[in-house]
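A short worksheet on the structure shown next.
The values are calculated or read from the model by the stated rules, or taken from the named source; none is laboratory data. Values in this document were obtained by computation on a predicted structure and should not be read as measured data. Here the Cβ positions follow ideal geometry from the backbone for every residue, glycine too, while neighbour counts run over all protein chains shown.
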Amino acid sequence: MAAKLRETMHKGFKVWTFEDDDDEFAEAKPKQERTIGGGKARVEQDGGTAAPPISARPFVWRNPASIPPRQWLFGKHYIRGYATGTIAPGGTGKTAMTIVEALSMATGRDLIGGDPNPVGLKVWLWNLEDPAEEIERRIAAAVQHHGIDPAKLDGRLFVNSGRDTPLVIAKKVRETITVLEPVIDRLVAEIRANGIDVLIVDPFVSSHSLPENDNAAMDAAVKAWARVAHQGNCSVELVHHSRKLGGEEASAESARGGSAFVDACRGVRVINRMSTEEAGKLGISEPRFFFSMMDDKPNMAPPPTNKRDWFQLVSVPLPNGDDVGSVDRWQKPNQLDDVTPEHLARVQALFTEGNYLVNEQSPDWGGRAAASAIGVDIGVGLSAKARTTEQNTARAKVRAVLAMWLKTPGGIKIEPRKNAKRELKDCYAASDDASQNP
C-alpha cells in the first residue's frame with residue numbers, strides 16, 4: 001500500500017504523520033512546517049517561533065577555472081540542482097515525449113537528440129494522472145519502437161503512478177499556502193537513497209492543490225520543487241499544461257496559472273502541434289501527428305534562437321493487441337535543397353514553348369511542368385484525398401519552387417496569355433532577363 005500523509009495536532013501545533021501498511025515508518029516527529037501567507041513567512045515548531053539566521057556572506061574571489069561547471073544532464077534543458085518545465089497544450093504528445101527522453105537518459109542512447117550521457121543516468125518518472133498499467137504500455141511501446149534492451153533499464157528507470165501513490169507537495173490550509181515539509185524530506189531521502197539523477201513530474205498541476213491563478217501559490221510550489229532538486233542534487237522536470245489558446249501558438253507565457261510558473265523555473269520548453277498552414281506548405285495531410293519543441297526561457301543557456309526541433313507521433317502495435325503512441329525525431333524537409341539552375345533552365349524552356357497556367361486546378365498548371373523537370377511525382381490527375389503523403393509533399397515542394405523562382409532574378413514571371421478560346425489567362429513565362437540565369 002502507498003504511504004498517506006495525515007494532519008494531526010500535537011500540543012497545539014500541527015504534526016504530519018505518514019501511515020503505511022508495511023510499517024516502513026511510524027508517526028513522524030513534530031516537524032517544521034513552512035507556510036507562506038499574507039505576504040510573509042513563518043516557521044512553526046514545537047516550543048515556539050523561530051526565524052532562520054541571517055548574515056551577509058563576504059565574496060571571496062577564486063580562479064574561474066576552479067568553479068565547477070554546470071551539470072547539464074540532457075541537452076541544454078535538464079540540469080542538476082534545478083527545476084525546469086515543459087509547457088504544452090493537451091494531446092500534443094508531451095507525456096510520450098518525456099517517456100522517450102527518460103529512456104534515452106537511462107540507457108545513454110541518442111533516441112531523439114539531446115546528447116545523452118553515454119554512461120546512462122538514473123531517472124524517476126512519476127506520472128500523476130495515468131494508472132500503472134497505462135504507463136507500462138507507453139514505456140513498452142517506446143522500448144519496442146526504439147529497439148531498447150529492457151535489461152538496460154534495470155536499476156536505472158524508476159516509475160510511479162499517481163493513482164497508486166499520490167504526490168502533493170503543497171496545499172492551501174485556511175487561506176495559507178503550505179509547503180508539506182515531510183513530503184519534501186521523504187522525496188529527497190528517496191532520491192539520495194537511489195542515486196536519482198532526474199525526476200520527471202507529469203503533470204505539475206497534480207503535484208499540488210493550490211489555486212493556479214495565485215502567483216504566490218505557484219511560486220511557492222515551483223520553488224518547493226527547486227528545493228527538492230537542490231537538496232537531492234538532481235534535475236526536476238515539471239510537465240505543465242498551457243492555458244486555452246484559441247488557435248494561437250503556445251509560448252512560455254501560455255503556462256496555465258500565469259507567469260509565476262515560468263519565472264520560478266530555471267528553463268522552460270514549449271511544445272506546439274504543427275499548424276494547418278505549415279502542414280499545407282509541406283504537403284502533410286495529418287499535422288496532428290507532428291509537433292515542435294523549442295526553448296522559450298533558457299536562463300542558463302544562450303538566448304533562444306527560435307530553433308525548433310521537430311518530432312513525429314507514431315503508433316506502435318504491442319504484442320497484446322494494443323496500439324500505443326510513441327515519439328520519433330523528425331527532420332523538417334528543406335524543399336529547395338536539391339533544386340538546381342539546370343532545373344530552372346528546363347522549366348523556362350517549357351514555359352516558353354507552351355502556355356502553363358498559374359491556376360493549380362487546371363490540367364495545364366505550370367506545376368506539372370516544374371514537377372517533370374525536377375523529377376518528382378505530384379499525383380497528376382488524383383484528388384488530394386487520393387494522393388499519397390509523398391505526392392502531397394512533392395506538390396508542396398513544387399509550389400515552393402515556383403514561388404522561389406518568381407522572386408529569383410533571371411527566373412520566371414507571370415504574364416497574361418490567350419488560350420485556344422482567345423481568353424486571357426495568367427500563365428508562367430521565363431523572365432525577360434532569363435539569360436542571366438547561371
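Looking at 422, 387, can you tell me which residue is in contact with a helix residue (DSSP H, G or I) (Cβ under 8 Å, 6 or more places away or on another chain) and of a type in the set (Lys, Arg)? Full working, then the answer.
Values: 422 fails: in contact with a helix residue (DSSP H, G or I) (Cβ under 8 Å, 6 or more places away or on another chain).
Result of the check over 422, 387: 387.
Taking (1) in the same structural domain as residue 255 (by TED's automatic domain parsing); (2) touching a residue at least 24 places away in the same chain (Cβ under 8 Å); (3) farther than 30 Å from residue 136 by Cβ; (4) among the hydroxyl-bearing types (Ser, Thr, Tyr) in turn, residue 276 satisfies each apart from (2).
Taking the criterion of being on the phi < 0 side of the Ramachandran plot, part of a loop (DSSP other than H, G, I, E, B) and crowded, with 18+ Cβ neighbours inside 10 Å, would at least one residue in segment 289-297 satisfy it? No.
Please determine whether any residue of segment 335-342 is surrounded by 15 or more Cβ atoms within 10 Å (Cβ to Cβ) and under 30 Å from residue 375 (Cα atoms). Yes, the conditions are met somewhere in segment 335-342.
The number of residues in segment 115-131 being touching an Asp or Glu at 6+ places or on another chain (Cβ under 8 Å), crowded, with 19+ Cβ neighbours inside 10 Å and part of a loop (DSSP other than H, G, I, E, B) comes to 3.
Yes/no per residue for (1) over 15 Å from the mean Cα position of the chain (by Cα); (2) in contact (Cβ under 8 Å) with a residue 24 or more places away in the chain; (3) surrounded by 19 or more Cβ atoms within 10 Å (Cβ to Cβ):
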position	(1), (2), (3)
240	no, yes, yes
246	yes, no, no
249	no, yes, no
271	no, yes, yes
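Entry remark, segment 182-193: residues being over 21 Å from residue 157 (Cα atoms) and either crowded, with 20+ Cβ neighbours inside 10 Å or basic (Lys, Arg) (or both) number 1 in total.
In segment 157-166, is there at least one residue being of a type in the set (D, E, K, R), under 21 Å from residue 261 (Cβ atoms) and outside any helix (DSSP H, G or I)? The answer is no, given that none of the residues of segment 157-166 is of a type in the set (D, E, K, R), under 21 Å from residue 261 (Cβ atoms) and outside any helix (DSSP H, G or I).
Being without any contact (Cβ under 8 Å) to a residue 40 or more places away in the chain and more than 36 Å from the chain's Cα centre (by Cα) holds for only one residue in 344, 357, 382, and it is 382.
For residue 401, state whether it is touching a residue at least 12 places away in the same chain (Cβ under 8 Å), surrounded by 13 or more Cβ atoms within 10 Å (Cβ to Cβ) and in contact with a Lys or Arg (Cβ under 7 Å, 6 or more places away or on another chain). For residue 401, the condition - touching a residue at least 12 places away in the same chain (Cβ under 8 Å), surrounded by 13 or more Cβ atoms within 10 Å (Cβ to Cβ) and in contact with a Lys or Arg (Cβ under 7 Å, 6 or more places away or on another chain) - is not met.
Restricting attention to segment 199-222, which residues are touching a residue at least 60 places away in the same chain (Cβ under 8 Å) and under 11 Å from residue 169 (Cα atoms)?
Filtering segment 199-222 for residues touching a residue at least 60 places away in the same chain (Cβ under 8 Å) gives 199-204, 206-207, 216, 220, 222.
204, 206, 207, 220, 222, listed by residue number.
Of all the criteria given as (1) surrounded by 14 or more Cβ atoms within 10 Å (Cβ to Cβ); (2) within 34 Å of the chain's Cα centre (by Cα); (3) farther than 30 Å from residue 147 by Cα; (4) without any contact (Cβ under 8 Å) to a residue 60 or more places away in the chain, the one not satisfied by residue 312 is (3).
Where helices (runs of 4 or more DSSP H) sit wholly within segment 315-426, none has at least 2 residues that are within 30 Å of residue 130 (Cα to Cα) and modelled with pLDDT of 90 or more. Candidates 196, 177: the one that is of a type in the set (A, V, I, L, M), over 23 Å from the mean Cα position of the chain (by Cα) and surrounded by 19 or more Cβ atoms within 10 Å (Cβ to Cβ) is 177. Scanning segment 99-110 for residues that are in contact (Cβ under 8 Å) with a residue 12 or more places away in the chain and surrounded by fewer than 22 Cβ atoms within 10 Å (Cβ to Cβ) returns 108, 109. Under the condition of being acidic (Asp, Glu) and either modelled with pLDDT of 90 or more or touching a Gly at 6+ places or on another chain (Cβ under 6 Å) (or both), the residues counted in segment 264-290 number 0.
Any residue at all in segment 163-184 that's under 22 Å from residue 79 (Cα atoms) and at pLDDT 95 or above? So that I can check it myself, show each step before the final result.
Applying the first criterion (under 22 Å from residue 79 (Cα atoms)) to segment 163-184 yields 169, 184.
Pick out the ones that are also at pLDDT 95 or above and you get 169, 184.
Looking through segment 163-184, at least one residue is under 22 Å from residue 79 (Cα atoms) and at pLDDT 95 or above.
Checking each residue of segment 313-331 against the condition of being among the small types (Gly, Ala, Ser) and more than 30 Å from residue 137 (Cα to Cα) gives no match.
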